[in-house]
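I have placed the structure first, in the form of C-alpha coordinates, so that the comments after it can refer back to it.
The values are calculated or read from the model by the stated rules, or taken from the named source; none is laboratory data. Quick caveat: nothing in here was measured; it's all calculated off a predicted structure. Methodologically, a virtual Cβ is constructed for each residue, glycine included, from the backbone with ideal geometry; neighbour enumeration extends over all protein chains shown. Heavy atoms of the whole protein, side chains included, go into the accessibility calculation; ligands, DNA and RNA do not. Shrake-Rupley method; radii C 1.70, N 1.55, O 1.52, S 1.80 Å.
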Amino acid sequence: MLLSIGHVLDRLQARPPGRPGALAWPLGRIACLGLVLAAACAGFGPALAQPRKDTLVLAMPLEPPGLDPTAGAASAIAEITLYNIYETLTKVNSDGRVTPLLAESWTISPDLRTYSFKLRRGVTFHNGEPFNAAQVKFSFERAVTKESTNKDKAVFANIEGIDTPDAHTVVLRLKNGNPDLLFQLGQATAVIVEPRSAGTNATQPVGTGPYRLENWSRGSAVTLTRWDGYRNARDVKLRRVTMRFISAPAAQVAALLSGDVDAFPRVAAARSLQQFQQNKKFQVLIGGSRAKVIVAINNKRKPLDDVRVRQALSAAIDRKAVIQGAADGFGVPIGSFYVPGAPGYIDTTGINPFDQAKARALLHQAGITPPLELTMTLPPTPYARQGGEVVASMLEKVGVKVKLQNVEWAQWLSGTYGQKAYDLTMIAHVEPLDFGNFARPGYYWNYESAEFNALGSRIQASIKPEERNALMAQAQRMVAEQAVAIYLYQPTWITVANARLKGLWKDMPLSVNDLGALSWQ
(Lines give C-alpha, C1' and ligand atoms only; values in the text may rest on other atoms or scores of the structure.)
Protein backbone atom coordinates (compact mmCIF):
# COMPACT_ATOMS: atom_id res chain seq x y z
CA MET A 1 0.00 0.00 0.00
CA LEU A 2 1.36 3.43 -0.92
CA LEU A 3 1.58 6.10 1.78
CA SER A 4 1.42 9.83 1.14
CA ILE A 5 4.28 11.98 2.40
CA GLY A 6 1.84 13.85 4.64
CA HIS A 7 0.67 10.59 6.17
CA VAL A 8 4.20 9.41 6.86
CA LEU A 9 5.03 12.73 8.49
CA ASP A 10 2.01 12.34 10.73
CA ARG A 11 3.11 8.85 11.65
CA LEU A 12 6.62 10.01 12.45
CA GLN A 13 5.49 12.95 14.53
CA ALA A 14 2.81 11.10 16.47
CA ARG A 15 3.79 10.02 19.96
CA PRO A 16 1.83 8.65 22.90
CA PRO A 17 0.90 11.25 25.55
CA GLY A 18 3.59 11.69 28.16
CA ARG A 19 6.44 10.38 26.00
CA PRO A 20 9.34 12.72 25.29
CA GLY A 21 9.86 13.67 21.70
CA ALA A 22 10.18 16.62 19.33
CA LEU A 23 7.04 18.17 17.91
CA ALA A 24 8.73 18.93 14.58
CA TRP A 25 11.33 16.93 12.70
CA PRO A 26 14.55 18.61 11.51
CA LEU A 27 14.78 19.12 7.76
CA GLY A 28 17.73 16.77 7.56
CA ARG A 29 15.58 13.88 8.63
CA ILE A 30 13.02 14.50 5.92
CA ALA A 31 15.66 13.32 3.41
CA CYS A 32 15.10 9.80 4.70
CA LEU A 33 11.41 9.88 3.76
CA GLY A 34 12.16 8.32 0.40
CA LEU A 35 13.75 5.37 2.14
CA VAL A 36 10.75 5.06 4.44
CA LEU A 37 8.34 5.13 1.52
CA ALA A 38 10.44 2.61 -0.36
CA ALA A 39 10.43 0.30 2.61
CA ALA A 40 6.66 0.64 2.92
CA CYS A 41 6.20 -0.20 -0.75
CA ALA A 42 8.54 -3.18 -0.39
CA GLY A 43 6.34 -4.69 2.29
CA PHE A 44 8.08 -3.38 5.38
CA GLY A 45 5.01 -1.43 6.60
CA PRO A 46 5.20 -2.90 10.13
CA ALA A 47 8.40 -0.95 10.67
CA LEU A 48 6.18 2.12 10.89
CA ALA A 49 3.82 0.58 13.44
CA GLN A 50 3.39 2.65 16.57
CA PRO A 51 4.25 1.07 19.92
CA ARG A 52 1.14 0.14 21.85
CA LYS A 53 -0.07 3.01 23.99
CA ASP A 54 1.06 2.66 27.60
CA THR A 55 -0.29 5.80 29.28
CA LEU A 56 -3.75 6.64 30.55
CA VAL A 57 -5.69 9.66 31.74
CA LEU A 58 -8.46 8.61 34.13
CA ALA A 59 -10.78 11.08 35.84
CA MET A 60 -12.43 11.16 39.25
CA PRO A 61 -15.15 13.45 40.64
CA LEU A 62 -13.32 14.26 43.88
CA GLU A 63 -9.78 14.88 45.05
CA PRO A 64 -8.74 12.97 48.19
CA PRO A 65 -7.49 14.82 51.28
CA GLY A 66 -4.50 12.48 51.49
CA LEU A 67 -3.22 9.15 50.21
CA ASP A 68 -3.39 7.03 53.37
CA PRO A 69 -6.62 4.98 53.34
CA THR A 70 -6.05 3.90 56.94
CA ALA A 71 -6.30 7.49 58.15
CA GLY A 72 -9.32 9.00 56.37
CA ALA A 73 -12.92 8.28 55.41
CA ALA A 74 -12.87 9.69 51.86
CA SER A 75 -13.51 6.99 49.27
CA ALA A 76 -11.37 8.94 46.78
CA ILE A 77 -8.28 7.76 48.69
CA ALA A 78 -9.01 4.15 47.83
CA GLU A 79 -9.90 5.04 44.25
CA ILE A 80 -6.28 6.12 43.76
CA THR A 81 -4.33 3.85 46.07
CA LEU A 82 -6.07 0.49 46.57
CA TYR A 83 -4.42 -2.33 44.57
CA ASN A 84 -2.29 0.33 42.84
CA ILE A 85 0.05 1.75 45.48
CA TYR A 86 -0.94 -0.42 48.42
CA GLU A 87 -1.98 -4.05 48.55
CA THR A 88 -4.00 -6.15 50.96
CA LEU A 89 -3.93 -9.81 51.99
CA THR A 90 -6.99 -10.51 49.84
CA LYS A 91 -8.45 -8.89 46.75
CA VAL A 92 -12.11 -8.10 46.14
CA ASN A 93 -12.95 -8.47 42.47
CA SER A 94 -15.59 -6.78 40.33
CA ASP A 95 -17.99 -9.68 40.82
CA GLY A 96 -17.51 -9.61 44.59
CA ARG A 97 -15.34 -12.73 44.72
CA VAL A 98 -12.38 -12.69 47.10
CA THR A 99 -9.08 -13.99 45.74
CA PRO A 100 -5.47 -14.11 47.04
CA LEU A 101 -3.21 -11.07 46.82
CA LEU A 102 -0.45 -10.70 49.43
CA ALA A 103 -1.73 -13.90 50.99
CA GLU A 104 -1.28 -16.92 48.73
CA SER A 105 -3.76 -19.06 50.61
CA TRP A 106 -5.63 -19.38 53.89
CA THR A 107 -7.48 -21.79 56.15
CA ILE A 108 -10.42 -20.94 58.40
CA SER A 109 -11.58 -22.75 61.52
CA PRO A 110 -15.19 -24.03 61.60
CA ASP A 111 -16.18 -21.41 64.18
CA LEU A 112 -14.75 -18.63 61.95
CA ARG A 113 -12.57 -17.41 64.80
CA THR A 114 -9.14 -18.48 63.49
CA TYR A 115 -7.82 -17.39 60.10
CA SER A 116 -4.39 -18.68 59.06
CA PHE A 117 -2.71 -16.97 56.08
CA LYS A 118 0.27 -18.15 54.04
CA LEU A 119 1.99 -15.04 52.69
CA ARG A 120 3.43 -14.49 49.25
CA ARG A 121 7.22 -14.69 49.10
CA GLY A 122 9.58 -12.41 47.21
CA VAL A 123 7.52 -9.26 47.79
CA THR A 124 9.15 -5.94 48.63
CA PHE A 125 7.91 -2.47 49.49
CA HIS A 126 8.69 0.52 47.30
CA ASN A 127 11.43 1.56 49.75
CA GLY A 128 13.19 -1.80 49.39
CA GLU A 129 12.05 -3.35 52.67
CA PRO A 130 10.92 -6.98 52.42
CA PHE A 131 7.29 -7.87 53.03
CA ASN A 132 6.65 -10.47 55.71
CA ALA A 133 4.42 -11.37 58.65
CA ALA A 134 5.85 -8.60 60.83
CA GLN A 135 4.34 -5.88 58.63
CA VAL A 136 0.94 -7.58 58.65
CA LYS A 137 1.00 -7.70 62.43
CA PHE A 138 2.13 -4.08 62.61
CA SER A 139 -0.56 -2.88 60.20
CA PHE A 140 -3.46 -4.59 61.97
CA GLU A 141 -2.32 -3.65 65.48
CA ARG A 142 -1.77 -0.06 64.35
CA ALA A 143 -5.42 0.09 63.24
CA VAL A 144 -6.68 -0.21 66.83
CA THR A 145 -4.31 2.12 68.65
CA LYS A 146 -5.73 5.11 70.49
CA GLU A 147 -4.35 7.42 67.81
CA SER A 148 -5.86 5.42 64.93
CA THR A 149 -8.45 7.12 62.74
CA ASN A 150 -9.09 3.99 60.69
CA LYS A 151 -12.80 4.06 59.83
CA ASP A 152 -12.98 0.25 60.06
CA LYS A 153 -11.40 0.16 63.49
CA ALA A 154 -14.13 -2.19 64.74
CA VAL A 155 -13.00 -4.90 62.29
CA PHE A 156 -9.50 -4.94 63.79
CA ALA A 157 -10.76 -4.52 67.36
CA ASN A 158 -12.37 -7.95 66.93
CA ILE A 159 -8.89 -9.48 66.57
CA GLU A 160 -7.96 -10.98 69.92
CA GLY A 161 -4.43 -11.92 68.93
CA ILE A 162 -2.02 -12.10 65.99
CA ASP A 163 0.50 -14.94 65.81
CA THR A 164 3.46 -15.03 63.43
CA PRO A 165 4.98 -18.53 63.73
CA ASP A 166 7.31 -17.72 60.84
CA ALA A 167 8.04 -14.89 58.42
CA HIS A 168 5.44 -16.09 55.93
CA THR A 169 2.58 -17.14 58.19
CA VAL A 170 0.04 -14.98 60.02
CA VAL A 171 -2.68 -16.37 62.29
CA LEU A 172 -5.54 -14.08 63.31
CA ARG A 173 -7.48 -15.13 66.43
CA LEU A 174 -10.83 -13.37 66.63
CA LYS A 175 -13.08 -12.56 69.60
CA ASN A 176 -16.16 -13.30 67.50
CA GLY A 177 -16.37 -15.37 64.36
CA ASN A 178 -16.54 -13.17 61.28
CA PRO A 179 -17.81 -14.56 57.95
CA ASP A 180 -17.02 -11.24 56.23
CA LEU A 181 -13.37 -11.03 57.24
CA LEU A 182 -11.84 -12.11 53.92
CA PHE A 183 -13.85 -9.40 52.14
CA GLN A 184 -12.96 -6.80 54.77
CA LEU A 185 -9.25 -7.63 54.50
CA GLY A 186 -9.46 -6.72 50.82
CA GLN A 187 -10.69 -3.20 51.54
CA ALA A 188 -8.50 -0.09 51.62
CA THR A 189 -8.54 0.17 55.42
CA ALA A 190 -6.69 -3.17 55.57
CA VAL A 191 -3.70 -2.26 53.38
CA ILE A 192 -0.34 -3.52 54.56
CA VAL A 193 2.08 -0.70 55.30
CA GLU A 194 5.81 -0.56 55.95
CA PRO A 195 6.43 0.61 59.56
CA ARG A 196 9.12 3.20 58.81
CA SER A 197 7.01 4.94 56.16
CA ALA A 198 3.58 4.58 57.79
CA GLY A 199 3.62 8.04 59.33
CA THR A 200 4.12 9.83 56.01
CA ASN A 201 1.89 7.72 53.77
CA ALA A 202 -0.63 10.55 53.40
CA THR A 203 1.77 12.48 51.19
CA GLN A 204 4.56 9.98 50.42
CA PRO A 205 2.79 6.62 50.13
CA VAL A 206 4.87 3.45 50.25
CA GLY A 207 3.30 0.10 49.48
CA THR A 208 3.90 -3.16 47.64
CA GLY A 209 1.67 -2.37 44.66
CA PRO A 210 2.50 -2.02 40.96
CA TYR A 211 2.52 1.79 41.00
CA ARG A 212 4.33 4.55 42.84
CA LEU A 213 3.36 8.17 43.29
CA GLU A 214 5.19 10.35 40.75
CA ASN A 215 3.48 13.66 41.39
CA TRP A 216 0.46 15.21 43.10
CA SER A 217 -0.56 18.55 41.65
CA ARG A 218 -3.01 19.73 44.30
CA GLY A 219 -6.38 20.65 42.90
CA SER A 220 -5.58 19.12 39.53
CA ALA A 221 -4.26 15.55 39.28
CA VAL A 222 -2.25 12.69 40.72
CA THR A 223 0.25 10.88 38.50
CA LEU A 224 1.32 7.29 39.16
CA THR A 225 4.16 5.47 37.41
CA ARG A 226 4.72 1.76 37.07
CA TRP A 227 7.17 0.39 39.62
CA ASP A 228 9.75 -1.79 37.92
CA GLY A 229 10.47 -3.58 41.20
CA TYR A 230 6.98 -5.05 41.29
CA ARG A 231 6.93 -8.83 41.32
CA ASN A 232 4.76 -9.00 38.17
CA ALA A 233 5.91 -5.78 36.53
CA ARG A 234 5.83 -7.31 33.03
CA ASP A 235 2.11 -7.96 33.39
CA VAL A 236 1.40 -4.30 34.19
CA LYS A 237 0.71 -2.73 30.79
CA LEU A 238 0.29 0.94 31.69
CA ARG A 239 3.55 2.78 32.31
CA ARG A 240 2.01 6.01 33.59
CA VAL A 241 -1.49 6.92 34.77
CA THR A 242 -2.70 10.45 35.41
CA MET A 243 -5.83 10.72 37.56
CA ARG A 244 -7.55 14.07 37.06
CA PHE A 245 -10.15 15.62 39.37
CA ILE A 246 -13.26 16.96 37.60
CA SER A 247 -16.38 17.59 39.68
CA ALA A 248 -18.75 19.51 37.35
CA PRO A 249 -20.91 17.21 35.16
CA ALA A 250 -20.56 19.41 32.05
CA ALA A 251 -16.79 19.45 32.42
CA GLN A 252 -16.74 15.66 32.88
CA VAL A 253 -18.62 15.12 29.63
CA ALA A 254 -16.52 17.69 27.76
CA ALA A 255 -13.26 16.07 28.89
CA LEU A 256 -14.39 12.70 27.54
CA LEU A 257 -15.68 14.06 24.25
CA SER A 258 -12.47 16.03 23.62
CA GLY A 259 -10.27 13.03 24.35
CA ASP A 260 -8.55 14.80 27.24
CA VAL A 261 -9.72 11.93 29.46
CA ASP A 262 -9.54 8.26 28.42
CA ALA A 263 -11.80 6.84 31.13
CA PHE A 264 -14.21 8.19 33.72
CA PRO A 265 -15.60 5.67 36.21
CA ARG A 266 -18.66 6.88 38.19
CA VAL A 267 -19.12 9.73 35.74
CA ALA A 268 -22.15 12.05 35.93
CA ALA A 269 -23.02 11.51 32.27
CA ALA A 270 -26.57 10.15 32.47
CA ARG A 271 -28.01 13.10 30.55
CA SER A 272 -25.38 12.69 27.83
CA LEU A 273 -25.39 8.91 27.75
CA GLN A 274 -26.95 8.52 24.33
CA GLN A 275 -24.23 10.41 22.51
CA PHE A 276 -21.60 8.12 24.05
CA GLN A 277 -23.59 4.95 23.38
CA GLN A 278 -24.01 5.90 19.73
CA ASN A 279 -20.34 6.77 19.23
CA LYS A 280 -18.09 3.81 18.45
CA LYS A 281 -15.12 5.63 19.95
CA PHE A 282 -16.55 5.04 23.42
CA GLN A 283 -17.65 2.18 25.62
CA VAL A 284 -20.35 2.63 28.26
CA LEU A 285 -20.53 0.35 31.29
CA ILE A 286 -23.55 0.49 33.60
CA GLY A 287 -23.13 -1.52 36.76
CA GLY A 288 -24.29 -2.08 40.28
CA SER A 289 -22.89 -0.87 43.57
CA ARG A 290 -23.22 -1.34 47.30
CA ALA A 291 -23.44 2.41 47.83
CA LYS A 292 -26.24 4.16 49.73
CA VAL A 293 -27.20 7.78 49.04
CA ILE A 294 -28.81 9.29 52.12
CA VAL A 295 -29.64 12.58 53.74
CA ALA A 296 -27.73 12.17 57.00
CA ILE A 297 -29.35 13.74 60.06
CA ASN A 298 -27.56 15.08 63.12
CA ASN A 299 -29.51 13.04 65.67
CA LYS A 300 -28.42 15.12 68.67
CA ARG A 301 -29.45 18.54 67.35
CA LYS A 302 -32.84 19.78 68.44
CA PRO A 303 -35.46 19.21 67.19
CA LEU A 304 -33.83 16.43 65.14
CA ASP A 305 -33.34 14.42 68.32
CA ASP A 306 -37.11 13.77 68.21
CA VAL A 307 -37.87 10.62 66.21
CA ARG A 308 -41.17 12.15 65.05
CA VAL A 309 -39.32 15.01 63.39
CA ARG A 310 -36.95 12.62 61.63
CA GLN A 311 -39.88 10.46 60.51
CA ALA A 312 -41.61 13.58 59.20
CA LEU A 313 -38.56 14.52 57.12
CA SER A 314 -38.48 11.01 55.67
CA ALA A 315 -42.22 11.03 54.85
CA ALA A 316 -41.80 14.32 53.00
CA ILE A 317 -39.43 12.80 50.42
CA ASP A 318 -40.45 11.13 47.17
CA ARG A 319 -37.48 8.83 46.57
CA LYS A 320 -38.25 8.24 42.90
CA ALA A 321 -38.30 11.97 42.25
CA VAL A 322 -34.97 12.36 44.03
CA ILE A 323 -33.45 9.59 41.89
CA GLN A 324 -34.66 11.39 38.79
CA GLY A 325 -33.38 14.77 39.94
CA ALA A 326 -30.09 13.68 41.51
CA ALA A 327 -29.11 10.72 39.32
CA ASP A 328 -31.23 11.16 36.18
CA GLY A 329 -33.10 7.95 36.98
CA PHE A 330 -30.04 5.75 37.63
CA GLY A 331 -30.81 4.34 41.05
CA VAL A 332 -33.01 2.02 43.13
CA PRO A 333 -35.06 3.31 46.11
CA ILE A 334 -34.00 2.11 49.57
CA GLY A 335 -35.75 2.40 52.92
CA SER A 336 -32.81 1.61 55.16
CA PHE A 337 -29.01 1.66 55.13
CA TYR A 338 -28.83 -1.52 53.05
CA VAL A 339 -29.18 -2.28 49.35
CA PRO A 340 -30.71 -4.99 47.16
CA GLY A 341 -28.27 -7.80 46.57
CA ALA A 342 -26.59 -7.58 49.97
CA PRO A 343 -26.92 -10.67 52.21
CA GLY A 344 -30.05 -10.47 54.33
CA TYR A 345 -31.56 -7.51 52.47
CA ILE A 346 -35.26 -6.81 53.03
CA ASP A 347 -37.41 -4.13 51.40
CA THR A 348 -38.03 -1.40 53.99
CA THR A 349 -39.26 1.33 51.65
CA GLY A 350 -42.77 0.88 53.09
CA ILE A 351 -41.74 1.88 56.63
CA ASN A 352 -41.47 5.62 55.87
CA PRO A 353 -43.27 6.01 52.54
CA PHE A 354 -43.80 9.32 50.76
CA ASP A 355 -46.76 10.96 52.53
CA GLN A 356 -46.78 14.74 52.85
CA ALA A 357 -49.93 14.80 55.02
CA LYS A 358 -48.31 12.38 57.46
CA ALA A 359 -45.16 14.52 57.49
CA ARG A 360 -47.15 17.63 58.49
CA ALA A 361 -49.04 15.68 61.15
CA LEU A 362 -45.82 14.31 62.68
CA LEU A 363 -44.28 17.78 62.84
CA HIS A 364 -47.45 19.04 64.55
CA GLN A 365 -47.31 16.17 67.07
CA ALA A 366 -43.69 17.09 67.82
CA GLY A 367 -44.75 20.67 68.61
CA ILE A 368 -43.09 22.20 65.57
CA THR A 369 -44.54 25.51 64.39
CA PRO A 370 -43.76 26.03 60.69
CA PRO A 371 -41.44 26.95 59.24
CA LEU A 372 -38.82 24.71 60.77
CA GLU A 373 -35.50 26.13 59.58
CA LEU A 374 -32.60 23.77 58.92
CA THR A 375 -29.30 23.88 57.04
CA MET A 376 -28.13 21.19 54.61
CA THR A 377 -24.45 20.99 53.67
CA LEU A 378 -23.75 19.71 50.16
CA PRO A 379 -20.36 18.37 49.02
CA PRO A 380 -19.32 19.13 45.42
CA THR A 381 -20.51 15.86 43.88
CA PRO A 382 -23.23 16.35 41.23
CA TYR A 383 -25.69 13.96 42.92
CA ALA A 384 -25.49 16.02 46.13
CA ARG A 385 -25.76 19.45 44.53
CA GLN A 386 -28.62 18.39 42.24
CA GLY A 387 -30.34 16.14 44.77
CA GLY A 388 -30.08 18.68 47.58
CA GLU A 389 -32.23 21.13 45.65
CA VAL A 390 -34.87 18.45 45.04
CA VAL A 391 -34.94 17.43 48.71
CA ALA A 392 -35.12 21.04 49.90
CA SER A 393 -38.04 21.72 47.58
CA MET A 394 -39.95 18.71 48.94
CA LEU A 395 -39.29 19.62 52.57
CA GLU A 396 -40.51 23.14 51.99
CA LYS A 397 -43.93 21.74 51.01
CA VAL A 398 -44.39 20.33 54.53
CA GLY A 399 -43.20 23.43 56.38
CA VAL A 400 -39.45 22.80 56.57
CA LYS A 401 -37.30 25.57 55.15
CA VAL A 402 -33.85 24.28 54.24
CA LYS A 403 -30.88 26.55 53.59
CA LEU A 404 -28.49 24.85 51.18
CA GLN A 405 -24.81 25.33 51.95
CA ASN A 406 -22.40 24.21 49.24
CA VAL A 407 -19.04 23.15 50.67
CA GLU A 408 -15.86 21.75 49.21
CA TRP A 409 -14.87 18.21 50.04
CA ALA A 410 -12.23 19.20 52.59
CA GLN A 411 -14.79 21.41 54.35
CA TRP A 412 -17.29 18.56 54.41
CA LEU A 413 -14.73 16.19 55.93
CA SER A 414 -13.58 18.65 58.59
CA GLY A 415 -16.85 20.41 59.41
CA THR A 416 -19.75 18.07 58.67
CA TYR A 417 -18.03 14.74 59.25
CA GLY A 418 -15.32 15.74 61.72
CA GLN A 419 -16.93 18.41 63.88
CA LYS A 420 -20.56 17.31 63.28
CA ALA A 421 -21.34 20.95 62.43
CA TYR A 422 -24.53 20.39 60.44
CA ASP A 423 -28.27 19.67 60.55
CA LEU A 424 -28.63 17.70 57.32
CA THR A 425 -26.23 16.63 54.60
CA MET A 426 -26.62 14.62 51.41
CA ILE A 427 -23.91 12.03 50.94
CA ALA A 428 -23.19 8.62 49.38
CA HIS A 429 -21.78 5.93 51.66
CA VAL A 430 -19.96 3.62 49.25
CA GLU A 431 -18.54 1.00 51.62
CA PRO A 432 -20.33 -2.36 51.29
CA LEU A 433 -20.04 -3.54 54.92
CA ASP A 434 -20.59 -0.40 56.99
CA PHE A 435 -23.88 -1.10 58.77
CA GLY A 436 -21.89 -1.29 61.99
CA ASN A 437 -21.50 2.51 61.90
CA PHE A 438 -24.82 2.73 63.74
CA ALA A 439 -23.03 1.27 66.74
CA ARG A 440 -19.89 3.34 66.25
CA PRO A 441 -19.33 5.77 69.16
CA GLY A 442 -19.09 9.41 68.09
CA TYR A 443 -19.96 8.76 64.46
CA TYR A 444 -20.95 11.89 62.58
CA TRP A 445 -24.71 11.31 62.57
CA ASN A 446 -24.72 11.21 66.40
CA TYR A 447 -26.97 8.17 66.74
CA GLU A 448 -26.83 6.32 70.04
CA SER A 449 -28.99 3.30 70.82
CA ALA A 450 -28.31 0.64 73.44
CA GLU A 451 -30.91 -1.51 71.68
CA PHE A 452 -29.10 -1.33 68.37
CA ASN A 453 -25.71 -1.89 70.02
CA ALA A 454 -27.02 -5.10 71.59
CA LEU A 455 -28.39 -6.23 68.23
CA GLY A 456 -25.09 -5.35 66.58
CA SER A 457 -23.24 -7.53 69.08
CA ARG A 458 -25.54 -10.44 68.26
CA ILE A 459 -24.86 -9.95 64.55
CA GLN A 460 -21.10 -9.94 65.15
CA ALA A 461 -21.32 -13.12 67.21
CA SER A 462 -23.45 -14.95 64.64
CA ILE A 463 -21.71 -17.22 62.15
CA LYS A 464 -24.72 -19.06 60.70
CA PRO A 465 -25.83 -17.31 57.47
CA GLU A 466 -29.57 -17.78 58.06
CA GLU A 467 -29.33 -16.51 61.65
CA ARG A 468 -27.14 -13.58 60.62
CA ASN A 469 -29.53 -12.62 57.81
CA ALA A 470 -32.50 -12.67 60.18
CA LEU A 471 -30.66 -10.37 62.59
CA MET A 472 -29.67 -8.07 59.72
CA ALA A 473 -33.35 -7.83 58.81
CA GLN A 474 -34.10 -6.68 62.36
CA ALA A 475 -31.33 -4.09 62.15
CA GLN A 476 -32.67 -2.72 58.86
CA ARG A 477 -36.16 -2.34 60.32
CA MET A 478 -34.82 -0.67 63.48
CA VAL A 479 -32.83 2.09 61.78
CA ALA A 480 -35.70 2.63 59.32
CA GLU A 481 -38.32 2.96 62.07
CA GLN A 482 -36.08 5.30 64.04
CA ALA A 483 -35.40 7.31 60.86
CA VAL A 484 -31.75 7.77 61.75
CA ALA A 485 -31.33 9.18 58.24
CA ILE A 486 -33.44 9.81 55.17
CA TYR A 487 -32.60 6.77 53.07
CA LEU A 488 -32.84 7.62 49.38
CA TYR A 489 -31.39 5.24 46.81
CA GLN A 490 -28.77 2.75 45.70
CA PRO A 491 -26.88 4.43 42.84
CA THR A 492 -26.16 2.75 39.54
CA TRP A 493 -22.63 3.64 38.44
CA ILE A 494 -21.83 4.72 34.88
CA THR A 495 -18.38 4.39 33.35
CA VAL A 496 -17.54 5.97 30.00
CA ALA A 497 -14.19 5.20 28.41
CA ASN A 498 -12.26 4.95 25.17
CA ALA A 499 -13.48 1.84 23.35
CA ARG A 500 -9.93 0.49 23.05
CA LEU A 501 -9.33 0.42 26.79
CA LYS A 502 -9.66 -3.07 28.27
CA GLY A 503 -10.04 -4.35 31.83
CA LEU A 504 -12.43 -1.80 33.35
CA TRP A 505 -14.72 -2.92 36.15
CA LYS A 506 -18.43 -2.93 35.32
CA ASP A 507 -19.85 -3.67 38.77
CA MET A 508 -18.15 -2.04 41.73
CA PRO A 509 -18.53 -3.69 45.13
CA LEU A 510 -15.71 -1.37 46.22
CA SER A 511 -14.70 2.13 45.14
CA VAL A 512 -11.52 1.23 43.33
CA ASN A 513 -9.71 1.80 40.03
CA ASP A 514 -7.75 -1.38 39.40
CA LEU A 515 -5.05 0.07 37.13
CA GLY A 516 -2.99 -3.10 36.95
CA ALA A 517 -5.84 -4.81 35.09
CA LEU A 518 -6.04 -2.15 32.35
CA SER A 519 -4.47 -2.22 28.90
CA TRP A 520 -4.90 -0.75 25.44
CA GLN A 521 -6.11 -2.92 22.61
Ignoring ligands and nucleic acids, ASP166 exposes an accessible area, probe 1.4 Å, in Å² to the nearest 10, of 70
Distance in Å, no decimals, from the C-alpha centre of the range 256-321 to the one of the range 417-457 is 20
In vacuo Debye sum over C-alpha of the range 413-474, base-10 log of normalised intensity I(q)/I(0) at q = 0.13, 0.17, 0.24, 0.25 Å⁻¹, listed in q order, is -0.44, -0.69, -1.06, -1.10
In the chain, whole DSSP H helices that both stretch 27 Å or further along their axis by alpha carbon positions and average at least 1.6 on the Kyte-Doolittle scale are none
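Can you tell me the accessible area per residue over the chain, all protein chains present, probe 1.4 angstrom, in square angstrom?
Numbers: 22550 Å² over 521 residues.
Result: 43 Å² of accessible area for each residue.
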In this structure, the FRET efficiency calculated for ARG173 and ASN232 from their beta-carbon separation, with R0 = 30 Å, to the nearest 0.05, is 0.40
At the level of C-alpha centres, the distance separating the range 67-138 and the range 324-353, in angstrom, is 31
Expected vector for the range 339-348, Karplus 3J(HN,Hα) from phi with 6.51, -1.76, 1.60 and θ = phi - 60°, integer Hz, x for Gly and Pro, equals 10, x, x, 7, x, x, 5, 10, 7, 10
For the range 148-258 (alpha-carbon point model, no solvent) the Debye-based log₁₀ I(q)/I(0) at q = 0.10, 0.16 Å⁻¹ works out to -0.48, -1.02
Excluding ligands, DNA and RNA, the carbon-plus-sulfur percentage of the accessible area of the chain with a 1.4 Å probe reads 52
Listed by chain and number, the aspartates and glutamates with an alpha carbon less than 19 angstrom from that of LYS300, same-chain partners under 8 positions apart left out, are GLU373, ASP423, GLU448, GLU451, GLU481
For LEU362, the accessible surface traced by a 1.4 Å probe with all protein chains present amounts, in square angstrom to the nearest 10, to 20
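What full-extension length gain, to one decimal in nm, is calculated for LYS506 and ALA454 as 0.36 nm per residue of separation minus the Cα-Cα distance?
On the way: separation 52, 0.36 × 52 = 18.72 nm, distance 3.73 nm.
That pair, LYS506 and ALA454, stretches by 15.0 nm at full extension.
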If unit charges are put on Cβ atoms (+1 for Lys and Arg, -1 for Asp and Glu) and the dipole of the chain is taken about its Cα centre, the option from HIS429, ALA312, ILE346 lying farthest towards the positive end turns out to be HIS429
Taking ILE463, ILE427 and ranking on accessible area (1.4 Å, protein atoms only), highest first, one gets ILE463, ILE427
Computed, not fitted: 222 nm per-residue ellipticity of the chain from DSSP H runs ≥ 4 (each -39500 (n - 2.57)), nearest 500, equal to -7500 deg cm²/dmol
Rounded to the nearest Å, the spacing of the alpha-carbon centers of the range 212-250 and the range 144-175 is 30
For LYS358, counting only lysines whose alpha-carbon sits under 19 Å away and dropping same-chain residues fewer than eight positions off, the answer is LYS320, LYS397, LYS401
Cα extents of the range 334-485 per principal axis, largest first, Å, are 48, 38, 28
Cα pairs beyond 19 Å in the range 452-521, in percent, come to 60
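How do TRP106, TRP409 rank by accessible surface area computed with a 1.4 Å probe, from largest to smallest? Before the final figure, lay out each step's value.
Details: TRP106 65, TRP409 35 Å².
Of TRP106, TRP409, the descending order of accessible area is TRP106, TRP409.
Just the projected area, averaged over all directions, of the convex hull on the alpha carbon atoms of the chain: how many nm²?
Mean projected area for the chain: 27.2 nm², to one decimal.
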